[in-house]
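J.: Dropping the structure in here first, questions after.
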Amino acid sequence: MDFLYSVTADPVLQIVEDPVFFLQIILEGLMAGVMYSLVALGFCLIYKASGVFNFAQGVMMVLAVMCMVTVYDAGFGILLALLVAMVFMVGLSFAIERVVLRPMVNQPQIILFMATIGLAFFLEGFGEFIFGGSSQKIVPTEALHIGRDALLIPMFGSEIRLQQLDLTAGVCAALLVATLALFFQKTTVGRALRAVADDHQAALSVGIPLRSMWVIVWSVAGLVALVTGIMWGASSSVDFSLVLIAMKAFPVLILGGFTSVPGVIVGGLIIGVGEKVAELYWGDALGGSIEEWFAYVLALVFLMFRPQGLFGEKIIERV
Amino acid sequence: MVTDHKQIGEALLQVNNVSLSFGAVQALSDVSFEVREHEILAIIGPNGAGKSSMLNVINGFYTANEGSIVYKGISRAKMEPADVARNGVSRTFQNIALFRGMTTLDNIMTGRNTKMHRNFIWQAIYIGPARNEELEHRRKAEEIIDFLEIQAIRKTPVGRLPYGLQKRVELGRALAAEPELLLLDEPMAGMNTEEKEDMCRFILDVNEEFGTTIALIEHDMGVVMDISDRVVVLDYGRKIADGSPDEVRGNQSVIDAYLGVSRE
């Protein structure tokens, strides 16, 4: 009976007693969710355009930000550092297309997926070789004009704290999504990319060169990885353990649907808010550390009842 | 007959002794025929005769194990589909392969892809010359939309359109490339009589007005006999007949193939 009370009535009472605190939790959840969405965005782009689930996306994120930080630490300006990191990611896309994707054209998806697992391990080793594996690096937040303070917003006699870093991440994500939407909807290349995403064969038959498209989409995913890496790196430090954050992208993708950019955003926000709320209000009753597993359980439930995700294309099998 | 005033020219495409196998399955064996300029050639045959495989070899999805394809006098053993498209060959598919999430207009605009000359960087930035080029292509696309009488659905995502209209949009996308050779894989499959009549009319109009050479696969014999100038018949991956509709109609091996006479 105690247990029943603590999972049903008690959380509601707590929310009613201190609504401002609840609002604070929701906001924090949203901010965390934006960060998850950013990670998942890179996966989504590549999956849309090439049907490949890119296991190496997490490593690409770390490589991008490591490259940027290393150049900056070597005494060059922040703009140059960003530029070098971008060029590095585009170069990486060319190399991946040439070495990994091109020999695998027309292979089943699972083969390509396995190839990206290999790629992930290779890139991690390669990155440690170039940038050094042991030392942790710090993202130069001041040079990037990312504030480290918290903003206090008074509300109903209490106040809400917002981290400037979180706000920056939110703004960056919004800008990124808006730019991508414009790029995909309004430009010729964007249209060609959507065509490739819809139907490879048909795209080839109208003369869209698949290879160039792959390079472009991997480059875009690489640039998204750079932004994501900077945001995540700024909130802790930069080393290869950041790769694990990419794991959080899986439940986001399952929730939102693998092929939908809006889905990825909504999925990320739901998971961000869900795990914060669950941790604070149901944490004690369910034994704590809900944040660790909440996203995955939610993903499991989705797989059971709506496997295509919230915004994914409905899977219709012809019988 | 529509053939009276039409100037059928030299061979635009020659298929020379093409064989194709998938593992132990022989899809095509030693098939040769030609497609002549400005004609409508029908490729017919029972299910599994290798018709679609033949189109796939022509547009580069498959590479023939033996034999060659000569297009506009240039022989090729292997060619990427995108390059074939750039050389003026467009096609439609048996199971509609449209970009389902995109509108009719966008689908047709992708057909203009082979005609776009500004490089990717320009197109990505979408300013100045690239923008003008886009407008020019847009005008062409609208012409095709008018030609196919699909103005009303130009902003509709094609996934929502009825089957017959999807087929028409797919034809539009192929036409947008201003092809010299148009390959149609069962353009009338699954259509009702009215839709078939429309499609026949469009195919004949394309052939007459633009002088486009057309090779099509079709099962409806009435349609095939009506619109084609020449017919090639495949059965079990071999060519069993090649000639005018009347010649083919009277050919004993064609009748046998369709009626299923035992092959002694």
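J.: Against the condition hydrophobic (A, V, I, L, M, F, W, C), in contact (Cβ under 8 Å) with a residue 12 or more places away in the chain, within 14 Å of chain B (Cβ to nearest Cβ) and in a helix (DSSP H, G or I), how does A:Leu180 come out, does it pass?
T.: yes
J.: While we're here: Going by the structure shown, is A:Ala295 within 28 Å of A:Ala85 (Cα to Cα) and in contact with a Lys or Arg (Cβ under 9 Å, 6 or more places away or on another chain)?
T.: When the stated conditions are applied, A:Ala295 does not pass them.
J.: Determine whether A:Val217 is open to solvent by less than 10 Å² (accessible area, probe 1.4 Å), assigned to a helix (DSSP H, G or I) and either out of contact with any Lys or Arg (no Cβ under 6 Å at 6 or more places or on another chain) or more than 14 Å from chain B (Cβ to nearest Cβ) (or both).
T.: yes
J.: Quick check on my filter: what residues within the range B:53-107 are part of a loop (DSSP other than H, G, I, E, B), more than 23 Å from B:Thr156 (Cβ to Cβ) and in contact with a Phe, Trp or Tyr (Cβ under 8 Å, 6 or more places away or on another chain)?
T.: Within the range B:53-107, just B:Asn87 meets the criteria.
J.: OK, next. Is at least one residue of the range B:251-260 closer than 26 Å to B:Gly9 by Cα and in a strand (DSSP E or B)?
T.: No, the range B:251-260 has no match at all.
J.: I've got another one for you. Only one of (1) within 14 Å of chain B (Cβ to nearest Cβ); (2) crowded, with 22+ Cβ neighbours inside 10 Å; (3) not acidic (Asp, Glu) is not met by A:Ser212, so which one is it?
T.: In the conditions (1) within 14 Å of chain B (Cβ to nearest Cβ); (2) crowded, with 22+ Cβ neighbours inside 10 Å; (3) not acidic (Asp, Glu), A:Ser212 misses (2) alone.
J.: Considering only residues that are open to solvent by 40 Å² or more (accessible area, probe 1.4 Å) and assigned to a helix (DSSP H, G or I), which ones fall in the range A:251-266?
T.: Residues satisfying the conditions are A:Pro262, A:Ile265, A:Val266.
J.: So which residues in the range B:228-262 are modelled with pLDDT of 90 or more and either of a type in the set (Lys, Arg) or not assigned by TED's automatic domain parsing to the domain that holds B:Leu216 (or both), if there are any at all?
T.: Selection gives B:Arg230, B:Arg238, B:Lys239.
J.: So, in the range A:117-147, how many residues would count as being open to solvent by less than 90 Å² (accessible area, probe 1.4 Å) and over 25 Å from A:Val243 (Cβ atoms)?
T.: Residues in the range A:117-147 being open to solvent by less than 90 Å² (accessible area, probe 1.4 Å) and over 25 Å from A:Val243 (Cβ atoms): 1 in total.
J.: Let me ask something additional. Take the residues of the range A:148-167 that are modelled with pLDDT of 75 or more and touching a Ser or Thr at 6+ places or on another chain (Cβ under 9 Å): which is surrounded by the most Cβ atoms within 10 Å (Cβ to Cβ)?
T.: Out of the qualifying residues, it is A:Asp166.
J.: Can we say A:Leu182 is open to solvent by 60 Å² or more (accessible area, probe 1.4 Å) and closer than 22 Å to A:Met213 by Cβ?
T.: yes
J.: Something else: Among the residues of the range B:99-125, write down those that are over 14 Å from A:Gly190 (Cβ atoms), at pLDDT below 90 and open to solvent by less than 30 Å² (accessible area, probe 1.4 Å).
T.: Correct list: B:Gly111, B:Arg112, B:Thr114.
J.: Next up: Can you name the number of the only condition in (1) aliphatic (A, V, I, L, M); (2) open to solvent by 10 Å² or more (accessible area, probe 1.4 Å); (3) closer than 16 Å to B:Gln166 by Cα that B:Met225 fails?
T.: All conditions pass for B:Met225, except number (3).
J.: I've got another one for you. Conditions: (1) within 14 Å of chain B (Cβ to nearest Cβ); (2) over 30 Å from A:Ile25 (Cβ atoms). A:Gly222 meets all but one. Number of the miss?
T.: Here A:Gly222 meets the rest and fails (1).
J.: Between A:Met104, A:Met114, A:Met86, which is under 18 Å from the mean Cα position of the chain (by Cα) and either open to solvent by 50 Å² or more (accessible area, probe 1.4 Å) or modelled with pLDDT under 90 (or both)?
T.: One residue alone meets the criteria, A:Met86.
J.: Regarding the range A:153-175, can at least one residue be identified that is within 22 Å of the chain's Cα centre (by Cα), within 14 Å of another protein chain (Cβ to nearest Cβ) and of a type in the set (Gly, Ala, Ser)?
T.: no
J.: Go through A:Lys276, A:Lys248 for me and flag whichever is assigned to a helix (DSSP H, G or I), more than 13 Å from the chain's Cα centre (by Cα) and either modelled with pLDDT under 90 or among the charged types (D, E, K, R) (or both).
T.: A:Lys276
J.: Within the bounds of the range A:101-111, is there any residue that is touching a Gly at 6+ places or on another chain (Cβ under 7 Å) and in a helix (DSSP H, G or I)?
T.: For the range A:101-111, residues touching a Gly at 6+ places or on another chain (Cβ under 7 Å) and in a helix (DSSP H, G or I): present.
J.: Here is a check on your reading of the model: is A:Ser241 among the hydroxyl-bearing types (Ser, Thr, Tyr), open to solvent by 10 Å² or more (accessible area, probe 1.4 Å) and within 18 Å of A:Met31 (Cβ to Cβ)?
T.: Spelling it out, it is not the case that A:Ser241 is among the hydroxyl-bearing types (Ser, Thr, Tyr), open to solvent by 10 Å² or more (accessible area, probe 1.4 Å) and within 18 Å of A:Met31 (Cβ to Cβ).
J.: Looking at the structure I just gave you, is A:Phe55 open to solvent by 60 Å² or more (accessible area, probe 1.4 Å), closer than 25 Å to A:Ala249 by Cα and either aromatic (Phe, Trp, Tyr) or touching a residue at least 24 places away in the same chain (Cβ under 8 Å) (or both)?
T.: So A:Phe55 passes the test.
J.: Tell me yes or no: at least one residue of the range A:293-305 is at pLDDT below 85 and not basic (Lys, Arg).
T.: no
J.: Out of the residues in the range A:195-209 that are assigned to a helix (DSSP H, G or I) and without any contact (Cβ under 8 Å) to a residue 60 or more places away in the chain, state the one that is farthest from the other protein chains (Cβ to nearest Cβ).
T.: Looking at the filtered set, the residue picked out is A:Ala203.
J.: Under 6 Å by Cβ, and 6 or more places apart or on different chains, what pairs join a residue from the range A:267-294 that is farther than 11 Å from A:Leu30 by Cα and touching a residue at least 40 places away in the same chain (Cβ under 8 Å) with one that is among the hydroxyl-bearing types (Ser, Thr, Tyr) and open to solvent by 20 Å² or more (accessible area, probe 1.4 Å)?
T.: A:Ala285/A:Ser6
J.: Still on this structure: Looking at B:Cys200 and the list (1) open to solvent by less than 10 Å² (accessible area, probe 1.4 Å); (2) assigned to a helix (DSSP H, G or I); (3) not basic (Lys, Arg), which single condition is not satisfied?
T.: Of (1) open to solvent by less than 10 Å² (accessible area, probe 1.4 Å); (2) assigned to a helix (DSSP H, G or I); (3) not basic (Lys, Arg), only one is false for B:Cys200: (1).
J.: Turning to a different aspect of this structure: Can you name every residue in the range B:151-165 that is part of a helix (DSSP H, G or I) and more than 12 Å from B:Ile96 (Cα to Cα)?
T.: B:Gln151, B:Ala152, B:Ile153, B:Arg160
J.: Select from the range B:54-78 the residues that are crowded, with 18+ Cβ neighbours inside 10 Å and within 14 Å of chain A (Cβ to nearest Cβ) and write down the one among them that is nearest to B:Asp256 (Cα to Cα).
T.: B:Leu55
J.: Now, a different point. Yes or no: the range A:290-301 includes at least one residue that is open to solvent by less than 40 Å² (accessible area, probe 1.4 Å) and touching an Asp or Glu at 6+ places or on another chain (Cβ under 7 Å).
T.: Yes: the range A:290-301 contains one or more residues that are open to solvent by less than 40 Å² (accessible area, probe 1.4 Å) and touching an Asp or Glu at 6+ places or on another chain (Cβ under 7 Å).
The values are calculated or read from the model by the stated rules, or taken from the named source; none is laboratory data. Computed from a predicted structure; not experimentally measured. Here the Cβ is made from the backbone with ideal geometry for all residues, glycine too, and neighbour counts use every protein chain on show. Side chains are part of the model used for accessible areas, which takes the heavy atoms of the whole protein and leaves out ligands, DNA and RNA. Shrake-Rupley method; radii C 1.70, N 1.55, O 1.52, S 1.80 Å.
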